[in-house]
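Visitor: Just passing along the structure, written as structure tokens.
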Amino acid sequence: MRKPIIAGNWKMNKTPSEAKELVTALKPLVKGASCDVVVCVPAVDFAAVKEAAKGSSIKLGAQNVHFKESGAYTGELSAKMLKECGVDYVVIGHSERRQYFGETDETVNLRVKACVAAGMTPIICVGEKKEQREAGYTNALVSYQTLIALEGLTDKEVAKAVIAYEPVWAIGTGLVATDEQANETIGVIRKAIAGKYGKATANKTRIQYGGSMNPKNVKGLMAQSEIDGGLIGGASLKAEDFSKVVGFDKE
Ligand code: 13P
């Protein structure tokens, strides 16, 4: 059985004082959660979140990592830097990074390898655009994005990685994939992993859904057999909303 993982992706939101406030409010609300709880926050918030999350099971995540160990890469952060700040998870290849910052499948793979080598867990984002779904390319595209991102990892590392299936058309739009659509595409991703790394490995890899997931639709999505969690944008910015997503299995 795969343990569900609910991760908030704050994107470019929350100053350190706001981060402290949010995590402080979140802490009692997610106590006793049955899933892994992660908040992926701007790097300037790492210290505040780490401090505020003390004594809870809330894990710290970053939103990107550079693939070089060090050097003349102004503005970038290495895996070693993140690790030393207490980061456990790193969102890699988010569609916003692919769309606005020119990230490619190849650089996503380099980032994944750097992240894993430093002992952190990648949350690898894949997903199709609206026109790609309409043209019938979804399955081929998400399979390719997933396999190239994982290239060079061992079976064991693949089993520990997290994939986030985020249809681009569902991000921040209020349009959510139907439970069946999300389940089906995540099944396709798992099949692609099984084809290369074996069924036993694919059955361990956790695959989240992301895209307008919220307290109202989380139950239906999480009831699907292939969906192991969520990557939450907008609804992760309020403690009450996020805690309701985390508590999807409670009344
Ligand atoms: P929303 O939940 O705001 O649609 O964002 C999803 C997302 O991009 C998480 O990474």
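Values in this text are rule-based calculations from the coordinates and carry no lab data. Everything numeric here is computed off the predicted structure, so don't read it as measured data. No Cβ is skipped: glycine too gets one built from the backbone with ideal geometry, and neighbour counts run over all protein chains shown.
Visitor: Failed condition for residue 213, given (1) in contact with a Phe, Trp or Tyr (Cβ under 6 Å, 6 or more places away or on another chain); (2) within 12 Å of the ligand (Cβ to nearest atom), with all others met?
Guide: (1)
Visitor: Answer yes or no: is there a residue in the range 5-21 that is within 16 Å of the ligand (Cβ to nearest atom), among the aliphatic types (A, V, I, L, M), touching a residue at least 12 places away in the same chain (Cβ under 8 Å) and surrounded by fewer than 21 Cβ atoms within 10 Å (Cβ to Cβ). Before you say what the answer is, go through the steps one by one.
Guide: So in the range 5-21, the residues within 16 Å of the ligand (Cβ to nearest atom) come out as 5-14.
In the following step, the residues that additionally are among the aliphatic types (A, V, I, L, M) were identified as 5-7, 12.
Checking the rest, the ones that are also touching a residue at least 12 places away in the same chain (Cβ under 8 Å) come to 5-7, 12.
Next, only the ones that are surrounded by fewer than 21 Cβ atoms within 10 Å (Cβ to Cβ) stay: 12.
Yes; the residues of the range 5-21 include at least one that is within 16 Å of the ligand (Cβ to nearest atom), among the aliphatic types (A, V, I, L, M), touching a residue at least 12 places away in the same chain (Cβ under 8 Å) and surrounded by fewer than 21 Cβ atoms within 10 Å (Cβ to Cβ).
Visitor: In addition: Starting from residues that are within 14 Å of residue 150 (Cβ to Cβ) and away from the ligand (no atom under 13 Å from the Cβ), keep the ones in the range 90-106 and report whichever is surrounded by the fewest Cβ atoms within 10 Å (Cβ to Cβ).
Guide: 106
Visitor: Right, something else. Considering only the range 23-44, state which residues are in contact with a Ser or Thr (Cβ under 9 Å, 6 or more places away or on another chain), assigned to a helix (DSSP H, G or I) and either small (Gly, Ala, Ser) or closer than 13 Å to residue 236 by Cβ (or both).
Guide: Across the range 23-44, the qualifying residues are 23, 25, 26, 29.
Visitor: Let me ask another. Where residues in the range 144-202 are of a type in the set (D, E, K, R) and surrounded by 17 or more Cβ atoms within 10 Å (Cβ to Cβ), which of them is nearest to the ligand (Cβ to nearest atom)? Lay out the reasoning, then the answer.
Guide: Here is the first cut: in the range 144-202, the residues of a type in the set (D, E, K, R) are 151, 155-157, 160, 166, 179-180, 184, 190-191, 196, 199.
Adding the requirement that they be surrounded by 17 or more Cβ atoms within 10 Å (Cβ to Cβ) leaves 157, 166, 179, 190.
Details: 157: 22, 166: 5, 179: 16, 190: 20 Å.
The extreme case among them is 166.
Visitor: Another one. Kindly check whether there is at least one residue in the range 217-236 that is surrounded by fewer than 18 Cβ atoms within 10 Å (Cβ to Cβ), farther than 28 Å from residue 27 by Cα and touching a helix residue (DSSP H, G or I) at 6+ places or on another chain (Cβ under 6 Å).
Guide: No, the range 217-236 contains no residue that is surrounded by fewer than 18 Cβ atoms within 10 Å (Cβ to Cβ), farther than 28 Å from residue 27 by Cα and touching a helix residue (DSSP H, G or I) at 6+ places or on another chain (Cβ under 6 Å).
Visitor: Keeping to the range 36-54, report how many residues are farther than 13 Å from residue 16 by Cβ, in contact (Cβ under 8 Å) with a residue 24 or more places away in the chain and over 14 Å from the mean Cα position of the chain (by Cα).
Guide: Within the range 36-54, residues that are farther than 13 Å from residue 16 by Cβ, in contact (Cβ under 8 Å) with a residue 24 or more places away in the chain and over 14 Å from the mean Cα position of the chain (by Cα) number 1.
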